[in-house]
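The values are calculated or read from the model by the stated rules, or taken from the named source; none is laboratory data. Computed from a predicted model, the values in this text were never measured in an experiment. FYI the Cβ positions are ideal-geometry reconstructions off the backbone, even for glycines, and counts take in every protein chain you see.
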Amino acid sequence: MKYEILIFAVSTCILFACNSPKKNNLQEETNNPTDTSSVVKNDTVSLSEKTVHHFEVVTVDTVIGDYRIVYQHQNDNQIVATYLITDGKGKDTVYYANQEILLNIYKENTSVLSNRKIKRENFFSYIPQNEITKYCLTYFQPENVSSDNIVFSISFCIPDTDVCYWFELTVNTNGQIQIKELEDDEGDM
């Protein structure tokens, strides 16, 4: 009889322990209002009370002529906010992670540029400082290669709009960078 009661007690404890609700560490972490860490889910990150949309990280590794060009289009730690005009109370604000380029260039197996970050801050003299926080790096691609340099096309746009600044970024064989703003040709629209 003692053994039957003991077996019943142990079985009951095991049954209740197995069926008791378990806390999901991820759920507990995201529901804690004092937690400052972020949890990645479905290309968004929850930071306090705002959701930041992240862009897909894209890595390009290409050979053009004598050059090997490797760059990564990646998120940086800055946020771009867009203010839509639907309710006028800021509830429709959408947040995006800002972008940067990590650029490596080799010519005939010799490094021309190594892990150079191309960021929004490099364009302060072209985009007014009171506007630049609204823009995100959206396009970067090699456009022209010669024996002396590589010309990249680069743009900064307000997310989800066609309001952009376009540039040519030239890297010469000594690793020096020159930036040229391209004029907006309204006739192309």
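Restricting the stretch 107-119 to residues that are of a type in the set (Lys, Arg) and under 15 Å from the mean Cα position of the chain (by Cα), the residue that is surrounded by the fewest Cβ atoms within 10 Å (Cβ to Cβ) is LYS117. Against the test of being among the hydroxyl-bearing types (Ser, Thr, Tyr) and free of Cβ contacts under 8 Å to residues at least 40 places away in the same chain, the options SER147, SER155 yield a single qualifying residue, SER155.
So that you can scan it fast, the table gives a plain yes or no per residue for (1) at pLDDT below 95; (2) surrounded by fewer than 18 Cβ atoms within 10 Å (Cβ to Cβ); (3) over 30 Å from GLY65 (Cα atoms):
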position	(1), (2), (3)
ILE79	yes, yes, yes
LYS89	yes, yes, yes
ASN98	yes, no, yes
ILE105	no, no, no
PHE124	yes, yes, yes
GLN129	yes, yes, yes
LEU137	yes, no, no
TRP166	no, yes, no
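With respect to the conditions (1) within 15 Å of the chain's Cα centre (by Cα); (2) assigned to a helix (DSSP H, G or I), ASN122 falls short on a single one, namely (1).
Report the residue count in the stretch 51-67 for those that are outside any loop (DSSP other than H, G, I, E, B) and more than 30 Å from PRO159 (Cα to Cα).
In the first step, residues of the stretch 51-67 are kept if they are outside any loop (DSSP other than H, G, I, E, B); the result is 51-53, 58-64, 67.
Filter once more, keeping what is more than 30 Å from PRO159 (Cα to Cα): 63-64, 67.
Total satisfying the criteria: 3.
Residue count for the stretch 169-179, restricted to those that are outside any loop (DSSP other than H, G, I, E, B) and either in contact with a Leu (Cβ under 8 Å, 6 or more places away or on another chain) or among the β-branched types (Val, Ile, Thr) (or both): 5.
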